[in-house]
1. Could you list, in sequence order, the residues of region 278-313 that are acidic (Asp, Glu) and more than 15 Å from residue 402 (Cα to Cα)?
2. Using the structure shown, decide if residue 253 is touching a helix residue (DSSP H, G or I) at 6+ places or on another chain (Cβ under 9 Å), closer than 29 Å to residue 453 by Cβ and open to solvent by 30 Å² or more (accessible area, probe 1.4 Å).
3. Test each condition in (1) open to solvent by 60 Å² or more (accessible area, probe 1.4 Å); (2) out of contact with any helix residue (DSSP H, G or I) (no Cβ under 9 Å at 6 or more places or on another chain); (3) in contact (Cβ under 8 Å) with a residue 12 or more places away in the chain for residue 458 and report the one that comes out false.
4. Starting from region 339-357, keep only residues that are within 18 Å of residue 224 (Cβ to Cβ) and in a helix (DSSP H, G or I), then list their pairs with residues that are of a type in the set (Lys, Arg) and open to solvent by 50 Å² or more (accessible area, probe 1.4 Å) whose Cβ atoms are within a distance under 9 Å, requiring at least 6 positions of separation or different chains.
5. Is it the case that some residue within region 99-107 is more than 21 Å from the chain's Cα centre (by Cα), among the hydroxyl-bearing types (Ser, Thr, Tyr) and either modelled with pLDDT of 95 or more or surrounded by fewer than 20 Cβ atoms within 10 Å (Cβ to Cβ) (or both)?
6. Exactly one of these conditions fails for residue 5: (1) open to solvent by less than 20 Å² (accessible area, probe 1.4 Å); (2) over 34 Å from the mean Cα position of the chain (by Cα); (3) modelled with pLDDT of 90 or more. Give me its number.
7. Considering only region 338-357, state which residues are out of contact with any Ser or Thr (no Cβ under 6 Å at 6 or more places or on another chain) and open to solvent by less than 10 Å² (accessible area, probe 1.4 Å).
8. Checking the structure you have, find out if any residue of region 270-279 is of a type outside the set (A, V, I, L, M), under 22 Å from residue 71 (Cβ atoms) and in a loop (DSSP other than H, G, I, E, B).
Amino acid sequence: MFRIVLRREILHNLYSLRFLISLALVIVVFAAGAVSFARSQAADLERYRETQGLFLSDMRELAAQNASELAVRRQTFSLAPRANAFISDAKEKHLPNALVFSAWNVFAFENKSGSANPFLKRFDELSWTFITSLIVSFITLLFTFDGVSGEKESKTLALSLANPVSRGVLLAGKLASAVLCVTAIVTAGVLISLIAVLILGPGGFTAALAGEVAGFLALAALLAGTFAAFGLFASVVSRSSNVSLLLALSFWLAFAVVVPNSSTFVAKSFFPIPSSESVQKNVIAAFDDLNKSAPPGSWSMNSGNPFLPQHELRANLQTKRLQAEKGIRDAYYGAMFRQFERTRLATALSPVSLFEYLAEAAAGGGYPRFRKAWEDMHVYQGQLLSFFKALDAADPESPHWYNPHENVSTTRKPVAFEKIPQFEEKPMPLAARVAPALKYLLINAFVLSFVYLLTFLLFVRYDVR
């Protein structure tokens, strides 16, 4: 019986004008997004190659001067543009994409948009995630808002229930048919976009990309199921299709516009963190305390003889200053990360926000990608420091007084660039993608189940006359 109901509902949707219009709209927008991505990706890759070339050139010059200069100089490593950003741009143009480090510390992160004119920065890309979260969620509501109230007005609901079919089967058939039809529309758009990207872009089709595409389609089906449940809920609680349409539009505005764009307000109101100015004041205060308690001569500088005792005093003071600043700033960065994560949980009330977070993880980009790069850079910094200390220990002309900011009391010999360990951003493994997404997946499953169960309970008591 479920198959009969499902087939009837699918045919009803397929032969409707809204299906054809939705299909054409999605294909056009997906194709436009693919062309836009291919053009911007070429420019982003060229800009990244220039930035990375300058980074390696600077490191090569520092190594040719001496190993200490290489160790103490702050350098900036930029993250490469993702080849699969057409799946989910993950708002990476607004997330940190450059890490500032030396052999002694990972100091900070930066955002480098690469835009020559800041007024021309784009706030949203036509990625698959953006298109699906806004357009497809709206289309799903159009397929379901009159699934019950509309049939009641046309007198076909009572006729359907006059047959040996339960209300639960009828409701499940309406939900499943909407999900299948919307997923078919998304799949058509995805295929058109994927073909265009592969033709216009520099990348090729890989097994990893195939898995990411399959994961995205599964998440799109989950989004469609969630909004289909809300659409049917609007249809059940309303006695006319006009009222159910207004209620469905209210759901879409709340979940696709209001909640996702309230993150800044939520963060500042419920999860405040210290300002950067107060953090800088704490750093300056810590420096002042260390300077006052430092032995006399700690700030003396004489580059002629690196074995003078004041160089040891200076190195000790600089090390203490570095450790003090690192503790303050690392605590600040930790507060920033916690604020961001808690804000995401708060905005997870929206199925659109949940879908964006899940798609971000499926594509291996966005915040999870940045956190992995941030943590990997700390590991690399430790490796670079160990490499430098080994070089210094092998130099009998060095006093071995480690100064994290100056090159006066450690080895002054150059080092071959080829021997220097290099940092490489590694793709996110499956486990690293699933772990941060699991809680959002569970929340989405709960929301879908709760709304559908509530809709079912209301539909059981629904007056079809």
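1. So the first thing to find is which residues in region 278-313 are acidic (Asp, Glu), and the list is 288-289, 312.
Selection gives 288, 289.
2. Values: touching a helix residue (DSSP H, G or I) at 6+ places or on another chain (Cβ under 9 Å): no; closer than 29 Å to residue 453 by Cβ: yes; open to solvent by 30 Å² or more (accessible area, probe 1.4 Å): yes.
No, not satisfied.
3. (2) is the only condition that residue 458 fails.
4. Qualifying pairs under 9 Å: 356/91.
5. Yes; the residues of region 99-107 include at least one that is more than 21 Å from the chain's Cα centre (by Cα), among the hydroxyl-bearing types (Ser, Thr, Tyr) and either modelled with pLDDT of 95 or more or surrounded by fewer than 20 Cβ atoms within 10 Å (Cβ to Cβ) (or both).
6. The single condition residue 5 does not satisfy is (3).
7. 348, 350, 354
8. Going residue by residue through region 270-279, those that are of a type outside the set (A, V, I, L, M) are 270-272, 274-278.
Now restrict to residues that are under 22 Å from residue 71 (Cβ atoms): none.
Looking for residues that are of a type outside the set (A, V, I, L, M), under 22 Å from residue 71 (Cβ atoms) and in a loop (DSSP other than H, G, I, E, B), one finds none in region 270-279, hence no.
The values are calculated or read from the model by the stated rules, or taken from the named source; none is laboratory data. These numbers were taken from a predicted model, which means no experiment stands behind them. Here the Cβ is made from the backbone with ideal geometry for all residues, glycine too, and neighbour counts use every protein chain on show. For accessibility, only protein heavy atoms count, side chains too; no ligands or nucleic acids. Shrake-Rupley method; radii C 1.70, N 1.55, O 1.52, S 1.80 Å.
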